[in-house]
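Chemist: Quick one: the structure is below, questions incoming.
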Amino acid sequence: MRSIADIRRLSRTARQDILNTLEQNLSDPSDAFKTLRAKGTRRSRLTPITESTPRSPKNLSTIFGKQLDSISGSHHIVRQGETVAGAILERITQIQENEKNTSSTHRVLSWNLKMLDIAGMLDTLHKHHIELVVPHDLHDGTCRAEASSISIGITGVEAAMASTATVALSNGPGMNRVASLLPLHHILLIPQDRIYPNVEAWFGELKKENKIEQILCENSQLSLVTGPSKSADIELTLTLGVHGPRTVHAIIYKNS
Amino acid sequence: MTINIDAPYKSRIREALSDSGTRKAVDRAMGELAQRRERAVNAIDNETMRTESHEIREHAIRNLPGLLVELETNLTRNGCEVHWARTGNEANDILKTIARTRKIKTAIKSKSMVTEEIHLNTSLEEIGVKVVETDLGEYILQLADEPPSHIVAPVIHKGAEDISELLQNELGMEPTLDPSIMCDAARKELRKHFLSADMGISGCNFAIAETGTICIITNEGNGRMVSSLPPVYVVIAGIEKVVPRVEDAILLWQAATRNATGQDASVYFSMTSGPKKPNHADGPKEVHVILVDNARTNVIKKGYADALMCIRCGACMDVCPVYREIGGHAYGKTAYPGPIGSILTPLMNENINIGKDLPFASSLCGACKDACPVKIDLPKLLLELRNDLSKEKITSPFQRFLVKCFAWISKKPSRYKKATKIAGLTRKFSKESTQVFSKLPGPLNRWTRSRALQKPSNKTFKETWKDSKADFQVLKSPPSQK
């Protein structure tokens, strides 16, 4: 049996060996590649894979919604006269009806929604007996058991990409991973001005503003999520919710 | 039926060809996957995506040493512990030590080819750690004690009936052929493991050097669970997985998913840079990254660095007429079946006899080359490998003798002329009235055992050319149009 010190020593020798061999093999005058197409060049700007023409936020909301519907998700764009809280309540009622759940109180696994700063939302949800559960430490047994018993999760997003209906979910203070992972139903709250044409546009902006480090490294994990959890392992038949949420519903709203 | 993957090459192939049920299932599934793929790549500027993906991967392989050091520096800065391993055994030793010192009892694992390659499960089980596969397909295979047969759709050789029976026996599921009910049964069982396991293990699709970020692609969400729920998360990454920039990973992610399953984007793309911070509610407390060579440097040394550009999308398998007939298990005891596997398996095994026949299990039709999202010239690599194997005298002496004879004949026009004349005479020995020999005598019958041989023509090509010269004259000078 090796000790930690042993494997550290082993790792150091292995590192040196691997790097030396690589240097040697790659600098060999007889090329390491059989085909020489790019000869090691690379371009500084890559071509976006999907649609990238700048569009109005309203337009992007529609594209995002349609795309999400097409990959087994659903969406609701909050219109004038409607509220975000109203849209959430409507969705929860829908889920309850589908699951034939008659309980009057509903516990929802959630981010700290105060951060989203949506006027009056928390009060309205409270009035309608929606209890938002924000877990503090998932490595604590009780907290974990509680989180895993809840069937609806609500989160915000870092950004949303219209062309593929992808959302970027990061984790950080008040933003947990489990609310978008453990429950069977996930509700996304997406402010209209966080929707980008495609994933390249968002990362492009982060790079320009020097925010890549902050988004990727300080948050420890960034997840790009596109629709509900899927599998086609059994005879290529599409099945939803094999591990993550079975339904993903986006509520898109105009920020005040 | 599952074929014996340890059997010799020829009996594996024969076994696979005689299993018409599996053949049909694999052929149908591959046809469907190939169609989905085609739709997804035709919807975009595929050629540009392929060119750029190729450039990224080639640049990365050419600059591996620098990129690996940059990756290590940034992963360490983010709070990960980076380990290096020359072989699968070293990687397993490191993992076992981590598991033992943290008193790990159960590990959950998301689908990963490199862990298949180094036989990680067996190794952890040796020290009493239970490893649970969490990808639905891999989980089914673990229950059935079978290896995967495709790198993207591992259980594609099994029908719904087989899977249902297995889940009824193992999980006490009610009889059903409905995949969603089967999924539910697996979800319930696996959820318990997700919540209780003390270690998560995954492979790595791309490792971003500039930020120190490990990216994994899943559709089910098991990758996100494995990297989020247990207190210890261990990543096993082949050293070739590194890419320089975030945008490279974003491009390759889309190239991989479009080619693997025909989706615009996979459901989950989890980008982990380090352990949780004290004010985070969840995430692993420790993240270890084990960078594994396991003969990758050797692939470069042998001059096949092209093969390391592979992003494991499985497109070459879906379009390969050979794979579609024989399925993945016929390729033997290897983590990588299909065209790319036929290159990697013989190159990555110390014992060259393992997988030495695989480069010959190809018709060189080129479908894989046209499909490959990083433009690996697979037929060229297969041909080069055949050449190398023959130079190393690994191919059969009889085969080498025949090829030498052919070379001797072809080197001089006079010899070639005589040989074609003699070949034409062989027609006379056949009693068959058809245009083919259906059975050749002596050792030559090996050729006709599974296919007929076209009879040589009575006249050589040159004679035919002479006779029809008049016709060609006409063709040369078409009547002028008025």
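The values are calculated or read from the model by the stated rules, or taken from the named source; none is laboratory data. Keep in mind that this is a model prediction, so the values were computed, not measured. Ideal geometry is used to build each Cβ from the backbone, glycine not excepted, and the neighbour counts take in all protein chains shown.
Chemist: Counting just the residues of the stretch B:427-448 that are surrounded by 10 or more Cβ atoms within 10 Å (Cβ to Cβ) and of a type in the set (Lys, Arg), which one comes out nearest to B:Arg14 (Cα to Cα)?
Modeler: Filtering first and then ranking leaves B:Arg446.
Chemist: If you don't mind, another one. Can you name the condition, by its number, that B:Met271 falls short on among (1) closer than 30 Å to A:Ala162 by Cβ; (2) more than 11 Å from every other protein chain (Cβ to nearest Cβ); (3) of a type in the set (A, V, I, L, M, F, W, C)?
Modeler: B:Met271 satisfies all of (1) closer than 30 Å to A:Ala162 by Cβ; (2) more than 11 Å from every other protein chain (Cβ to nearest Cβ); (3) of a type in the set (A, V, I, L, M, F, W, C) except (2).
Chemist: Does any residue in the stretch B:94-112 that is assigned by TED's automatic domain parsing to the domain that holds B:Pro231 and assigned to a helix (DSSP H, G or I) come within less than 9 Å, Cβ to Cβ, of a residue that is among the aromatic types (Phe, Trp, Tyr) and crowded, with 20+ Cβ neighbours inside 10 Å six or more places away or on a different chain, and which pairs are these?
Modeler: B:Ile94/B:Trp84
Chemist: If I ask for residues that are more than 9 Å from chain A (Cβ to nearest Cβ), over 20 Å from B:Thr106 (Cβ atoms) and touching a Ser or Thr at 6+ places or on another chain (Cβ under 6 Å), which ones from the stretch B:217-241 would you list?
Modeler: B:Ile217
Chemist: I would also like to ask the following. Only one of B:Pro230, B:Pro278, B:Pro337 is surrounded by fewer than 24 Cβ atoms within 10 Å (Cβ to Cβ) and not hydroxyl-bearing (Ser, Thr, Tyr); which? Give the steps one after another, and end with the answer.
Modeler: Details: B:Pro230 fails: surrounded by fewer than 24 Cβ atoms within 10 Å (Cβ to Cβ); B:Pro337 fails: surrounded by fewer than 24 Cβ atoms within 10 Å (Cβ to Cβ).
Step by step, each of B:Pro230, B:Pro278, B:Pro337 is checked, and only B:Pro278 is surrounded by fewer than 24 Cβ atoms within 10 Å (Cβ to Cβ) and not hydroxyl-bearing (Ser, Thr, Tyr).
Chemist: Pairs please, first residue from the stretch B:358-370 and closer than 19 Å to B:Ala16 by Cβ and without any contact (Cβ under 8 Å) to a residue 24 or more places away in the chain, second anywhere and of a type in the set (Val, Ile, Thr) and buried (at least 19 other Cβ atoms within 10 Å of the Cβ), Cβ atoms under 6 Å, 6+ apart in sequence or on different chains.
Modeler: none
Chemist: Within the stretch B:91-117, can you find the residues that are more than 15 Å from B:Val226 (Cβ to Cβ) and more than 14 Å from chain A (Cβ to nearest Cβ)?
Modeler: Selection gives B:Lys105, B:Met113, B:Glu116, B:Glu117.
Chemist: Being of a type in the set (Asp, Glu), touching a residue at least 12 places away in the same chain (Cβ under 8 Å) and more than 7 Å from chain B (Cβ to nearest Cβ) is the filter here; which residues of the stretch A:200-246 pass it?
Modeler: Going through the stretch A:200-246, the residues of a type in the set (Asp, Glu) turn out to be A:200, A:205, A:209, A:213, A:218, A:233, A:235.
Now narrow it down to the ones that are touching a residue at least 12 places away in the same chain (Cβ under 8 Å): A:200, A:218.
Correct list: A:Glu218 only.
Chemist: Contact list please: Cβ distance under 7 Å, first residue in the stretch B:224-236 and within 16 Å of A:Leu224 (Cα to Cα), second residue part of a helix (DSSP H, G or I) and of a type outside the set (A, V, I, L, M), pairs at least six apart or on different chains.
Modeler: Sorted first by the residue in the stretch B:224-236, then by its partner, the pairs are B:Met225/B:Phe194.
Chemist: Which residue out of A:Leu188, A:Leu169, A:Leu125, A:Leu113 is under 25 Å from B:Gly200 (Cα atoms) and buried (at least 20 other Cβ atoms within 10 Å of the Cβ)? Please lay out each step first, then the result.
Modeler: Details: A:Leu188 fails: under 25 Å from B:Gly200 (Cα atoms); A:Leu125 fails: under 25 Å from B:Gly200 (Cα atoms); A:Leu113 fails: under 25 Å from B:Gly200 (Cα atoms).
Within the list A:Leu188, A:Leu169, A:Leu125, A:Leu113, the selection yields A:Leu169.
Chemist: Here's a follow-up. So, restricting to helices (runs of 4 or more DSSP H) that lie completely within the stretch B:1-75, which ones have at least 3 residues that are closer than 16 Å to B:Gly327 by Cβ and at the interface with another protein chain (Cβ under 8 Å from one of its Cβ atoms)? Give the derivation first.
Modeler: Values: elements: B:9-18, B:20-42, B:46-62.
Those helices (runs of 4 or more DSSP H) span B:20-42.
Chemist: Same structure, new question: Quick check on this structure: which one of A:Asn255, A:Asn198, A:Asn171, A:Asn210 is under 13 Å from the mean Cα position of the chain (by Cα) and among the polar types (S, T, N, Q)? Let's see the steps before the verdict.
Modeler: On the way: A:Asn255 fails: under 13 Å from the mean Cα position of the chain (by Cα); A:Asn198 fails: under 13 Å from the mean Cα position of the chain (by Cα); A:Asn210 fails: under 13 Å from the mean Cα position of the chain (by Cα).
Going through A:Asn255, A:Asn198, A:Asn171, A:Asn210 in turn, the sole match is A:Asn171.
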